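The values are calculated or read from the model by the stated rules, or taken from the named source; none is laboratory data. Just so it is clear, the structure is predicted and the values come from calculations on it, not from any experiment. Here the Cβ positions follow ideal geometry from the backbone for every residue, glycine too, while neighbour counts run over all protein chains shown. Calculation scope for accessible area: heavy atoms of the full protein, side chains included, ligands and nucleic acids excluded. Shrake-Rupley method; radii C 1.70, N 1.55, O 1.52, S 1.80 Å.
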Amino acid sequence: MIKSSKETEEKNRGKNSKVVVNDDLEDKESEQKIRPSRLEDIVGRSNEKKALKMMIHSAQKRNEVVDHILFYGPPGLGKTTFAMAIANEIGSSIRITSGPAIERQGDLAAILTGLKANDILFIDEIHRLSRVVEEILYPAMEDRALDIIMGKGPSAKTIRLSLEPFTLVGATTQIGKISSPMRDRFGLVQRLDFFEESDMQDIIKRACKLWNIKIEDEALELLSRCSRGTARIGLRLLRRVRDYAENKDKDVVSVEVVENTLEILGIDEQGLEDIDRRILDLILNSFGGGPVGLSTLAAAIAEDANTLSEVHEPYLMKCGFIKRTSRGRVLTEKGIRYISTLYG
């Protein structure tokens, strides 16, 4: 029978980093157990790791804090993992929050004044910070200072408080929604793209080892191929495959186990889910292959437009099934062949 690993969350985070996590943002325990704790443990991302190691080591030689970093790209590609690994590399604490959680200037001021020297502040969905809150971040990022306005109108006074030197690590899926003044204050703006299939195999293989799951090579290849180049999705599928194997009293995950699990989940060998196939089908059969606007497409399938643009479209474009034009979404020849073959 397949059993879960008993390794603790603290071991995988690293001993040098004290992590303060917002409960609403804390990942599932199973994902935390296999989250890489150091940069060298992160699968793939060689160029990204080189750039980060260069920044960290040079900052340490100068006895300075690491410059602010912004990660952007589709969800589930390791932005939070990088932030926590950076904290471990530095040997500092990390405070994790999100843009929607910081509603007022006072919320951010409380966080900033609570940071200690060399701490990491990680703000997920940083594009959702209000412009009023952003204004507090500008002097905090540039001058390590916090400007507090006392009173209103002509009699208002500004008090400047010094902050401990810290590093802001931001993460976003929509970098276009971050204002230019905010983007310009980051010393490194790094895009995280989809993982290659070989990297996905290494990620899933590592998870299998930590979770004590035995998996055949062909089953590993199929699972990796269906993971949409996204670590979070690959690990989620692996958990469901494990559930199926346990229910069927299978000691080893075979191709049959993976295929049966994917069939139950409605996922095909391209990694496409039902909603992905519906998008392609609608563009072809309801809109003549396109172009069709995002809002129109979202209304047609009763789905949120942001979900389509952030979650489904990037992978469909990566597969070469659709493309964006100035007039809207258009199905490619490859997409037409795929959906025509699927539905006859």
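Data table
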| read-out | value |
| --- | --- |
| Under-5 Å amide H pairs with Leu70, H placed in peptide plane, nonlocal only | Gly170, Leu188, Val189, Gln190 |
| HN-Hα J in Hz across the stretch 281-288 - Karplus 6.51, -1.76, 1.60, θ = phi - 60°, x for Gly and Pro | 5, 5, 4, 6, 8, 9, 10, x |
| Percent of alpha-carbon pairs separated by more than 24 Å within the stretch 42-157 | 33 |
| Solvent-accessible area, 1.4 Å probe, carbon plus sulfur percent, for the chain | 45 |
| Between 0 and 90°, nearest 10: helix 333-343 axis offset from the chain longest Cα axis | 50 |
| Using alpha-carbon coordinates, inclination of helix 79-90 to the longest axis of the chain, degrees | 50 |
| Accessible area (Å², per residue) of the chain, counting only protein heavy atoms and a probe of 1.4 Å | 50 |
| Rounded FRET efficiency, nearest 0.05, which uses the C-beta distance separating Ser58 from Val252 and R0 of 30 Å | 0.05 |
| Distant alpha-carbon pairs in the stretch 82-121 (separation over 12 angstrom), percent | 58 |
| Part-to-part distance (alpha-carbon centres) for the stretch 39-90 and the stretch 245-270, which is given in Å | 35 |
| GNM result for the chain, Cα springs below 10 Å: residue of Glu125, Glu135, Glu313 fluctuating most strongly | Glu135 |
| Contact order relative to length of the stretch 89-235, as percent, for alpha carbon pairs under 8 angstrom and 6 or more apart | 20 |
| Among Tyr138, Tyr315, Tyr72, residue whose mean-square fluctuation peaks in a GNM of the chain (springs only between Cα atoms under 10 Å) | Tyr138 |
| Nearest-ten-degree value, helix 131-143 long axis tilted from longest Cα axis of the chain | 60 |
| Interchain or long-range residues, amide H under 5 Å from Ala145's placed H | Ala140, Leu163 |
| For the chain: span of alpha carbons on each principal axis (Å, largest first) | 72, 50, 32 |
| Among Ala85, Ala302, Ala109, residue whose mean-square fluctuation peaks in a GNM of the chain (springs only between Cα atoms under 10 Å) | Ala302 |
| Radius ratio Rg over Rh of the stretch 236-302, counting only Cα atoms, Kirkwood formula for Rh | 1.20 |
| Within the chain, percent of DSSP bridges classed antiparallel, to nearest 5 | 35 |
| Rel. contact order, % - alpha carbon contacts under 8 angstrom, at least six apart, the chain | 17 |
